[in-house]
Amino acid sequence: MLWHTLPSSPALPPLYWRAALKRKITGTTLPDFGLHCRVQVNPEAVAAYRKVCGFADSPMLPATYPHILAFGLQLQLLTAREFPFPLLGLVHLSNRIRVFRPMGGVSEVRVSVHTRNLQPHAKGATFDLITTVEDSLGLLWEGESRMLCRGVKLEGETPEQSLPTPNTVSELTRWQAPSDIGRRYARVSGDYNPIHLSALTAKLFGFPQAIAHGLWNKARTVAALHEHLPAANIEIYVEFKKPVRLPGQVILLSSAPGSGGELQLKGDGDIEHMLGKWQPIA
């Protein structure tokens, strides 16, 4: 794979404009290149993220924070001319992160992003957005987001593999997802997807009201599980189910603390919002 090095994380406004202009599928081949750049960790930005997502103060970066460090680079790749799918309308199906070492004392990292694994899906096609974060000692963190683009026609069939509903979990905690959490998360993440901002902007994309960002749901869950999870050598995988409509209450169910376990995020009426598990990195 060819890698392009950027001098810094890209500015977001031009990329949002580029995303808004691209509304059609232009091909069925993923880019054959990746992007990387060096990114500084801003302690004030980390503190703001902690507050929005419910993480306690700690010398360690939150396990989900590298998503924020990589967002500009991801947006650059997903709005590139060579990327065949429109960014607006992509559906985030699942997310996997791996924390290889404790993320303390991190001030500068190299972030890399690329796409792979284009596969047919009953509703279109899926691909994986891969992100890696390295410090001076090597690989520190890795993320894998599976995305769906509706309307893509690919030959073949790929059976859907989903996590089973866990049966060894019990309620750990519950919280309110307030009506403004999409806007608050946007300010700390840079992700201003209209479906998360307000009922008015969500209706433009077919949603009756704004929905919580999937990665906020995951971050808020990981924050609530802080006493259950190891600080490193851990893989945390979740599948996104029904969206959390804002405002709304969610209930986190979890197995006991340990090196491995299961989780479930539910809403009113027993609606299943997210399933997940954690385990040591294989």
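Cβ-Cβ distances below 6 Å connect the following pairs, each with a first residue in segment 156-178 that is within 15 Å of Gly54 (Cα to Cα), a second residue that is assigned to a loop (DSSP other than H, G, I, E, B), and a separation of six or more residues or different chains: Ala177/Ala212; Ala177/Val244; Ala177/Leu246; Pro178/Pro247.
Scanning segment 194-214 for residues that are free of Cβ contacts under 8 Å to residues at least 40 places away in the same chain and in a loop (DSSP other than H, G, I, E, B) yields Leu197, Ser198, Leu204, Gly206, Phe207, Pro208, Gln209, Ala210, Ala212, His213.
Residues checked against (1) surrounded by fewer than 21 Cβ atoms within 10 Å (Cβ to Cβ); (2) in a strand (DSSP E or B); (3) hydroxyl-bearing (Ser, Thr, Tyr); (4) touching a residue at least 24 places away in the same chain (Cβ under 8 Å):
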| site | (1), (2), (3), (4) |
| --- | --- |
| Gln74 | no, no, no, yes |
| Leu88 | yes, no, no, yes |
| Ser94 | no, yes, yes, yes |
| Thr131 | no, yes, yes, yes |
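Within segment 1-49, the set of residues being touching a helix residue (DSSP H, G or I) at 6+ places or on another chain (Cβ under 8 Å) and in a strand (DSSP E or B) comprises Gly34, Leu35, His36, Cys37, Val39. Going residue by residue through segment 117-126, is there one that turns out to be assigned by TED's automatic domain parsing to the domain that holds Gly27 and not in a strand (DSSP E or B)? So far as segment 117-126 goes, yes, one or more of its residues are assigned by TED's automatic domain parsing to the domain that holds Gly27 and not in a strand (DSSP E or B). Restricting attention to segment 249-262, the residues that are in contact with a Gly (Cβ under 9 Å, 6 or more places away or on another chain) and within 12 Å of Asn217 (Cα to Cα) add up to 3. Looking only at segment 216-255, count how many residues are part of a helix (DSSP H, G or I) and more than 14 Å from Met274 (Cα to Cα). Residues meeting the conditions: 2. For segment 168-188, a residue qualifies if it is basic (Lys, Arg) and under 13 Å from Ile211 (Cβ atoms), and exactly one does: Arg183.
Glu227 fulfils the conditions (1) at pLDDT below 95; (2) buried (at least 16 other Cβ atoms within 10 Å of the Cβ) except for a single criterion, (2).
The values are calculated or read from the model by the stated rules, or taken from the named source; none is laboratory data. Keep in mind it's a predicted model, so treat the numbers as computed, not measured. Heads up, the Cβs are rebuilt from the backbone with ideal geometry, glycines too, and the neighbour counts pull from every protein chain shown.
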